[in-house]
1. Mind listing whichever residues of region D:41-92 are surrounded by 22 or more Cβ atoms within 10 Å (Cβ to Cβ), among the aromatic types (Phe, Trp, Tyr) and in a loop (DSSP other than H, G, I, E, B)?
2. So in region C:58-110, with the set limited to residues that are among the aromatic types (Phe, Trp, Tyr) and touching a Gly at 6+ places or on another chain (Cβ under 8 Å), which one is farthest from C:GLY39 (Cα to Cα)?
3. Taking the stated definitions as given, is B:THR178 assigned to a strand (DSSP E or B) and on the phi < 0 side of the Ramachandran plot?
4. Using the structure shown, decide if D:TYR165 is buried (at least 18 other Cβ atoms within 10 Å of the Cβ) and either under 30 Å from C:ASN50 (Cα atoms) or without any contact (Cβ under 8 Å) to a residue 24 or more places away in the chain (or both).
5. So which of B:THR46, B:THR58 is touching a helix residue (DSSP H, G or I) at 6+ places or on another chain (Cβ under 6 Å) and farther than 30 Å from C:VAL149 by Cα?
6. What residue, among those in region D:28-40 that are in contact with a Lys or Arg (Cβ under 6 Å, 6 or more places away or on another chain) and open to solvent by less than 30 Å² (accessible area, probe 1.4 Å), is nearest to A:ASN259 (Cα to Cα)?
7. Hey, could you check region C:94-114 for residues that are over 14 Å from the mean Cα position of the chain (by Cα) and crowded, with 21+ Cβ neighbours inside 10 Å and say which is farthest from C:SER238 (Cα to Cα)?
8. Taking C:VAL216 as the residue in question, decide whether it is open to solvent by less than 30 Å² (accessible area, probe 1.4 Å) and not hydroxyl-bearing (Ser, Thr, Tyr).
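The values are calculated or read from the model by the stated rules, or taken from the named source; none is laboratory data. Just so you know, these numbers come straight off a predicted model, no measurement behind them. All Cβ positions, glycine included, derive from the backbone under ideal geometry; neighbour counts span all protein chains shown. Heavy atoms of the whole protein, side chains included, go into the accessibility calculation; ligands, DNA and RNA do not. Shrake-Rupley method; radii C 1.70, N 1.55, O 1.52, S 1.80 Å.
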Protein chains: 4
Amino acid sequence: MAKLTANSYGKSAVRLTKVVRSAALHQIFEMDVEIILEGAFEAVYTAGDNSACVPTDTMKNTVYALAKKHDFDAPERFAILLAEHFVGRFPQVSAATATIEQITWDRIQVVGKSHEHSFVKGAGKRLAIAREARTGGTIVHGGIRDLEVVKTTKSGFTGFPRDEYTTLKETTDRIFGTSIEAVWTYRPGALEFNPTYDAARTAILEVFATHDSLGVQQTIFEMGQQVLKAAGAITEISFTMPNQHRILANLEPFNLTNNNEIFVNTSEPFGLIRGTILRD
Amino acid sequence: MAKLTANSYGKSAVRLTKVVRSAALHQIFEMDVEIILEGAFEAVYTAGDNSACVPTDTMKNTVYALAKKHDFDAPERFAILLAEHFVGRFPQVSAATATIEQITWDRIQVVGKSHEHSFVKGAGKRLAIAREARTGGTIVHGGIRDLEVVKTTKSGFTGFPRDEYTTLKETTDRIFGTSIEAVWTYRPGALEFNPTYDAARTAILEVFATHDSLGVQQTIFEMGQQVLKAAGAITEISFTMPNQHRILANLEPFNLTNNNEIFVNTSEPFGLIRGTILRD
Amino acid sequence: MAKLTANSYGKSAVRLTKVVRSAALHQIFEMDVEIILEGAFEAVYTAGDNSACVPTDTMKNTVYALAKKHDFDAPERFAILLAEHFVGRFPQVSAATATIEQITWDRIQVVGKSHEHSFVKGAGKRLAIAREARTGGTIVHGGIRDLEVVKTTKSGFTGFPRDEYTTLKETTDRIFGTSIEAVWTYRPGALEFNPTYDAARTAILEVFATHDSLGVQQTIFEMGQQVLKAAGAITEISFTMPNQHRILANLEPFNLTNNNEIFVNTSEPFGLIRGTILRD
Amino acid sequence: MAKLTANSYGKSAVRLTKVVRSAALHQIFEMDVEIILEGAFEAVYTAGDNSACVPTDTMKNTVYALAKKHDFDAPERFAILLAEHFVGRFPQVSAATATIEQITWDRIQVVGKSHEHSFVKGAGKRLAIAREARTGGTIVHGGIRDLEVVKTTKSGFTGFPRDEYTTLKETTDRIFGTSIEAVWTYRPGALEFNPTYDAARTAILEVFATHDSLGVQQTIFEMGQQVLKAAGAITEISFTMPNQHRILANLEPFNLTNNNEIFVNTSEPFGLIRGTILRD
């Protein structure tokens, strides 16, 4: 009377720091890795038969061991290695997904010079996702998350429909603050992960800074267009952006005029806007 | 050269408390509501034309206004009201999804008696989701989230495959701790939301307590089976459960024997197990 | 030209589960322990001379080892054991403070009966703090934290002073929601930790439920009085309570009357009220 | 039989953005403000007599109104304004403390040039605290918080005492990661807040980067010394620094040698080190 349908399992939050000391200039990769497996796991659920159930503890060990055994210069490379490993090693696995969130460490500046082995946390995190399917090949994603930005002008919101529950005033000059999450798909076979990440991040920040925004949606589409223009390895990009409202403070009760100067930051509720832009 | 594909937008974290004072025994609904719309919003993204763009601020106002205008005794009812409202009101909306997370307030016991208007936060949150599509009707989900539980015995993990990265020992007696998330689908037309929630919650907790677990996966399947048996309005249920490991502390360096008494709680990494069980 | 003054160090977030299996009814202690040492550590700071510096890793190991070696039925007992250990063992330590936050696990009810070894997370966390000074003896504190409560009536706020920045309306019927933190001091030599905790928790919840509150401050003082009355081992109790505002939703723009029914929950800003009540 | 002793109250998490648009180059101050009052509030607690109880809602309004009425170029100036206001306005207030946490927004770089009105979140938050006492004057503090840093070498920990609970190995080359919190006191009358903040932040980061650390304690003392040398307006500085351990991964079971390359990041437990350095 009951049947198992969709299922998957894995290990989350495998945290890893890899230091590359081959030169005086140390490199650091700090990553939070998740491994998720799909496959022939029905009996694990329905009968408690664990003979196909690769322990999640083994997944964790594998992450640390493969980080040691292989050189990589981009988290996408490590994600691919991991996804391929689990499909290659275990016949019961039909697909493996490795998701990596990488801390972006910037070099500390000492008297105007980038330090060799000391770092301060940078803005935003980098994402890399590889999904290897036994039939169907590999899909690789890159991305950025928690990139918090704000602009104090050149953002408006007008022309929207009104009904009896609408109290929002139109504005041609508001503050626009958000935390950018973007996830893109690499064309099959792409290997230029670091230049793509750099180009996409730069395009996203420059559009955010310079675009005269008529709405978060329009900014998202423009970001997507510019990323596709700047990064030929990307076939598609999806954005998720909250609208972190800063509401004009009501100073009228105090006989003060608020010339777009004083705002109340609110963390809830927030707008939530999503859009995917495809190379056409 | 660039084309908008998937897109949606809405308002998240609309927080609301509704107090029903019709009797001496007050009722309280504390909810965190999200409204997401899909529809003909292309020009909002591609041209900054907001003429179709229902403001998320209007969504927020609508949540508060409809909470006032309508009586409801279950969050599912309110979610349905909200989803239907946006599809009914705005022709450009092809589908609306209302997601509600409800705080479960328990009555404070005063000298053994449930108090009329004072509450203490209960275990777990209740979920209700309604998606109304212009073509295709309404799908309603219920659920529970953040239900944190632990059992100190009757949980094991043996018989799993080993490779060179496997160091985990087999165990027939470990601690099993998790935070249960379950989301179920109601059969079309179901209205018995509160009895279903109660039956599902009870079944989940009783299986967790009494099941002799051979693995998290097996417990998930057994929970699903028992929920389907106890709650006839549910057609399908999906679980997401982390394995919040408590690792046997290594006391050998101190010449102490650890008879399954002292454990190190770890928050990372954690196993992550998912399964969907369908009424067959 | 620079001199070290106040200093201390230790280990935070030592997470531990102890299971007592001596009877069919298992007991579980899940604790988050912090050890802080003060003493003759100047050279550690000023010269990098670590000869006096007990490693924080040793503190962690000691927590697990002493949890194994000693029976205890209350977190206060374990805190005292730990604080005494570090002062007794290391002559350079002038004072040691052990702070324990304990998860309150409630037994899962199965067909109306408390289960022997399965638990669901309860409301609020229990605190226990012991500070052992080489000269000056031991001070022991108990407490409760994160006890989230709400009452839907019998709370007002009137008669407050007004100036030109005051817009708040007087109200005799508002919602009062808070997260209670209370820390008390045991009289020297007290050993009745569990009955005291139970009596204090009950008094706090019952006052919250039944008190006709003229303000958070008044409720705090009444809670303190009732705790001192109910628990003879407590000499002093301090409360920290946020006022988690639920603001009456403004439904006038929608021609709806809000009879104290619909409220907007806000997480910021929040009132923050503190008071200490001493047995006189 | 019960007496009120220590007490205070106020408003926390008053979030504010102030935009200064006087030039093409916009300035943004995003602050989280807390106001705490001490004074003659006994009757508020003991009798529910609110005639002395300045509403926390009024505090919130005052923060927004004073932000509009006054120009300031440093959060310390605004904190002083606020603390003085409440002591000056309300005779029942014996002391007022304003605590400000400021987001550090960096200008987005567009084609190598700092943008005029667009920002990305910077590393660490800035702190400013002013306490105005009716008798005793003003004390002003500055600081920095959540400044997350890591160095991959030039950090060791040796020469520490051992007992039977010590398993830690000595190391002359470990990773040192922390989240720096520093709070300093300005000499009475100091006004050079921004240069002091810049000098202190630079000194802290440069010491972290370049110091050959024998322990977190030694690094703290060296930071303190260098801050006092670089910033003449500071009389005293206190640090709170967690030791965010990265543990060498044990790869021996996999026949791999870990040459200080692969580390397991742990969020718990963590060392916690505090020290205050006074200008002598």
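1. Within region D:41-92, D:PHE41 is the sole residue that qualifies.
2. C:TRP105
3. Considered against the rule, which asks whether it is assigned to a strand (DSSP E or B) and on the phi < 0 side of the Ramachandran plot, B:THR178 comes out as yes.
4. yes
5. None of the others qualify; the one that does is B:THR46.
6. Among them, the one singled out is D:PHE29.
7. C:ILE108
8. Taking the combined requirement at face value, the residue satisfies it.
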